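In what follows, a single structure is set out as structure tokens and then discussed.
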Amino acid sequence: MGLEARLEQQGPIPLQAELSVAQGELVALVGPSGSGKTTLLRCLAGLYRAAGGRITVNGETWFDAERRIHLTPQARRCGLVFQHYALFPHLDALGNVMAALGQLPRQERRERARELLELVHLAGLEARRPAALSGGQQQRVALARALARDPRVLLLDEPFSAVDQVTRRKLQRELAQLRSRLGIPILLVTHDLEEAAALADRMVILHQGKSLQEGPPQEVLTRPASAEVARLVDLRNLYSGEILGQEPERGFTLLRWGDHVLEVRPQPERRRGERVCWVIPPGSVLLHRRDRPSRGERENPVEATVTEMVRLGENCSLELRALGRPQVAISLMLPTHVAQRNGVAPGEKVRVSLLADAIHLLDHDPSVA
């Protein structure tokens, strides 16, 4: 039980999306601007009608294009929190929440609104109007108002994008604590991959209205289903190669990458001579200490030249060019003190390991070098 949706149309906004959110689960819908995230959310809320598809919540049909079922937003009991809050400026925090409690007798609305504001940590601020509240406090009022309808589904449309970083982290923690108390499907629309990884049980990648991959965040971010997904989740270490063969007794598949032969996790379904793409997360590219060379097995040692080094606080971003593959870059992050201790600088030669267990093979894409 929970939310199940399949939505499709050719235009004016293309959709070919499927998603499911179980009771008590938080799913992040991730994609670049213009990918259809907000349109999909509006379809679920009943604010936009797709040309085709079906939406059910706990077995109840909210939308079915073939059967011409389209419940109104009011009938769906769907909590929706917008990116820019959409609070009534002439009402105080209590009044904004009470405005969404029309299903209750008038005398009960004030007490319930107070309970909801306390739930989102706004007790004592009931009399303040939106202009007198911080961005984070306004977002909490918007969330309390969304919960006032006792929703069957909670939809969050980039709810933290308009607040500063400190407030954002605080609101994220509060949402993580609140979700277990609600026990309803929660769909979070975001373009922030770190936010999705921190909060979501599962992640759905949406692009041009089409759902490309879904799964646990760590799986999607390190094992993308295609080169297109790899680019969308900013996996820059994306390359092409050729399968050389299998070594089942050693537990390897061998991959040719330019002048290098790499050992990767066994992929028995791949054929000798097959062109493939492959990715490796920057965190699985390890710098060798100058006084401790790699043993080689399962580590795929590669010699490279540092072409770019950018210091980012306590860390630094490196770009390398591997010997034998000078036209493509290898990206990794290092603590700045590690880079300094090992004499890493632009123009210097270094050795790195491309960890075999972290290399992920993809079907060939001709756009990948």
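List of remarks:
- Matching residues in the stretch 35-56 - criterion: being open to solvent by 80 Å² or more (accessible area, probe 1.4 Å) and either within 19 Å of the chain's Cα centre (by Cα) or at pLDDT below 95 (or both): R42, R49
- Matching residues in the stretch 154-163 - criterion: being part of a strand (DSSP E or B) and over 16 Å from the mean Cα position of the chain (by Cα): L154
- Taken over the stretch 124-148, the criterion of being outside any loop (DSSP other than H, G, I, E, B) and either over 18 Å from F82 (Cβ atoms) or out of contact with any strand residue (DSSP E or B) (no Cβ under 9 Å at 6 or more places or on another chain) (or both) is satisfied by P130, A131, A132, G135, G136, Q137, Q138, R140, V141, A144.
- Test for P151: is it touching a strand residue (DSSP E or B) at 6+ places or on another chain (Cβ under 6 Å), modelled with pLDDT under 90 and in a loop (DSSP other than H, G, I, E, B): no
- From A75, A28, residue being open to solvent by 30 Å² or more (accessible area, probe 1.4 Å) and at negative phi: A75
- Count - residues of the stretch 326-357 that are closer than 27 Å to R256 by Cβ and open to solvent by less than 20 Å² (accessible area, probe 1.4 Å): 9
- The condition (being of a type in the set (A, V, I, L, M) and surrounded by fewer than 15 Cβ atoms within 10 Å (Cβ to Cβ)) is satisfied by just one residue among V229, V261: V261.
- Residues that are of a type in the set (A, V, I, L, M, F, W, C), in contact with a strand residue (DSSP E or B) (Cβ under 7 Å, 6 or more places away or on another chain) and free of Cβ contacts under 8 Å to residues at least 40 places away in the same chain, drawn from the stretch 24-62: C43, W62
- Total residues in the stretch 312-325, condition part of a loop (DSSP other than H, G, I, E, B) and surrounded by 13 or more Cβ atoms within 10 Å (Cβ to Cβ): 1
- Restricted to the stretch 167-194, and to residues there that are farther than 21 Å from L117 by Cβ and surrounded by fewer than 17 Cβ atoms within 10 Å (Cβ to Cβ), the residue that is farthest from the chain's Cα centre (by Cα) is R169.
- The condition of being touching a residue at least 60 places away in the same chain (Cβ under 8 Å), in contact with a Gly (Cβ under 6 Å, 6 or more places away or on another chain) and surrounded by 19 or more Cβ atoms within 10 Å (Cβ to Cβ) does not hold for P159.
- Residues located in the stretch 106-123, provided they are open to solvent by 50 Å² or more (accessible area, probe 1.4 Å) and not in a loop (DSSP other than H, G, I, E, B): R106, Q107, E108, R109, R110, E111, R112, R114, E115, E118
- Of the numbered criteria (1) modelled with pLDDT under 90; (2) acidic (D, E); (3) open to solvent by less than 30 Å² (accessible area, probe 1.4 Å), the one D164 fails is (3).
- Restricting the stretch 79-103 to residues that are touching a helix residue (DSSP H, G or I) at 6+ places or on another chain (Cβ under 6 Å) and either of a type in the set (S, T, Y) or closer than 21 Å to G183 by Cβ (or both), the residue that is modelled with the lowest pLDDT: Y85
- Complete set of residues in the stretch 57-69 that are open to solvent by less than 50 Å² (accessible area, probe 1.4 Å) and over 24 Å from the mean Cα position of the chain (by Cα): T61, W62, F63, D64, A65, I69
- Residue under evaluation V21, criteria (1) touching a residue at least 60 places away in the same chain (Cβ under 8 Å); (2) touching a helix residue (DSSP H, G or I) at 6+ places or on another chain (Cβ under 7 Å); (3) buried (at least 22 other Cβ atoms within 10 Å of the Cβ); (4) not basic (K, R), criterion not met: (2)
The values are calculated or read from the model by the stated rules, or taken from the named source; none is laboratory data. What you see is a predicted model; the values in this text were computed from it and never measured. In this analysis, Cβ positions are derived from the backbone assuming ideal geometry, glycine residues included, and neighbour counts consider all displayed protein chains. All accessible areas refer to the heavy atoms of the entire protein, side chains included, with ligands and DNA or RNA removed. Shrake-Rupley method; radii C 1.70, N 1.55, O 1.52, S 1.80 Å.
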